[in-house]
1. Normalised by the residues of segment 4-111, what does the relative contact order come to in percent, with Cα pairs under 8 Å and at least six apart?
2. Quote to one decimal, in nm, the extra length available between ARG8 and VAL25 on full extension: 0.36 nm per residue of separation minus the C-alpha distance between them.
3. Using just the helices of the chain, give the 222 nm mean residue ellipticity in deg cm²/dmol: DSSP H runs with n ≥ 4 each add -39,500 (n - 2.57), and the total is spread over all residues, rounded to 500.
4. Filter the trypsin sites (Lys or Arg not before Pro) in segment 126-187 down to the DSSP loop ones having no more than 14 other Cβ atoms within 10 Å, then list what survives.
5. Tell me which trypsin sites (Lys or Arg not before Pro) from segment 1-55 have a DSSP coil assignment and no more than 16 other beta carbons within 10 Å of their own.
6. Find the relative contact order for segment 117-207 and round it to a whole percent, using C-alpha pairs within less than 8 Å whose residues are 6+ positions apart.
7. What's the magnitude of the charge dipole for segment 4-111 around its Cα centre, counting Lys and Arg as +1 and Asp and Glu as -1 at the beta-carbon? Answer in Debye, nearest 20.
8. Please return the longest stretch of the chain lacking exposed loop sites, where GluC sites (Glu not before Pro) count only if DSSP places them in a loop and at most 10 other Cβ atoms lie within 10 Å.
Amino acid sequence: MKTWPSWREDNGLLSGFDLPAPLFVGPYLRVLRKVPGVTDVRRARLDGERVKFKFVGYDGAMVEPFGDNSRYWVYLKRDDASRRIDNWPIHQAFAEHHSIFDASTISNFIEATDTNIEFEYLVRPYLAHHLEIHREWTTIRSYWSGGRTILVCRADEERFVSVNLTNAQIGILSPSIDEDFEDFGRGLTPMQVAQEAFACFLKQLLEQDMVGGRGLTVA
């Protein structure tokens, strides 16, 4: 299923995510109930809330903004919760869910954007802990190719690491390499592909003298 994640600036963790507004909320309730750590899933009707739940004890909600929207926003209500709690399992449950009522294909075409959420999940907390690395995120819109997201980390004009992100492929470019990472029949999960690319990304940062050896591990 198509999702639109939002990331915290202070620690790079997932703060919440959007989903296509469903024709029926029942399938979303069933997805939530299968997530380890999620309890007390129930329908809601107050202030745009459509679903309430608890995740490892914290209150969460699925909200339809303004009561009439093409997306539902899923988040933990307490701001401090997303500073400490990784709600990635909830996101992944929906990202891996397929339904005949899923509007992902249409939504993706209309948005004309793409990224690799698994790589972002790995790289954003790392960059949040390495503020010395200058980084720039750019979203490229394209109705023909589906778009892409580009991350550029740069020390100067000669030292840089660029990452080109789509759902199917991760490309890493630096003065020393130009390499693509994808499953391509290897039987890898999207997270395994992202971990390979992330390890390469960390290696390139080190080779370009953009960061010290501290923290160079793959999540």
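1. Details: 165 pairs, mean separation 28.9, N = 108.
Here the relative contact order equals 27 percent.
2. On the way: separation 17, 0.36 × 17 = 6.12 nm, distance 2.73 nm.
Full-extension gain reported as 3.4 nm.
3. On the way: 6 runs with 58 residues, N = 219.
Only helices count here, giving -7500 deg cm²/dmol.
4. Working: sites: ARG135, ARG141, ARG148, ARG154, ARG159, ARG186; in loops: ARG141, ARG159, ARG186.
Here the trypsin sites (Lys or Arg not before Pro) that fit, given the DSSP loop and packing criteria, are ARG141, ARG186.
5. Numbers: sites: LYS2, ARG8, ARG30, ARG33, LYS34, ARG42, ARG43, ARG45, ARG50, LYS52, LYS54; in loops: LYS2, ARG8, LYS34, ARG45.
Sparse-neighbourhood loop trypsin sites (Lys or Arg not before Pro): ARG8, LYS34, ARG45.
6. 22
7. Numbers: 15 positive and 15 negative charges, 107 e Å.
Taking the Cα centre of segment 4-111 as origin, the dipole is about 520 debye.
8. Working: sites that count: GLU9, GLU132, GLU157, GLU158.
That would be 10-131.
Each reported figure results from applying straightforward, stated rules to the coordinates on display, with no laboratory input. As the structure is a prediction and not an experimental result, all values here were calculated from the model. Reconstructed Cβ throughout: ideal geometry from the backbone, glycine too, with neighbour counts over all protein chains shown.
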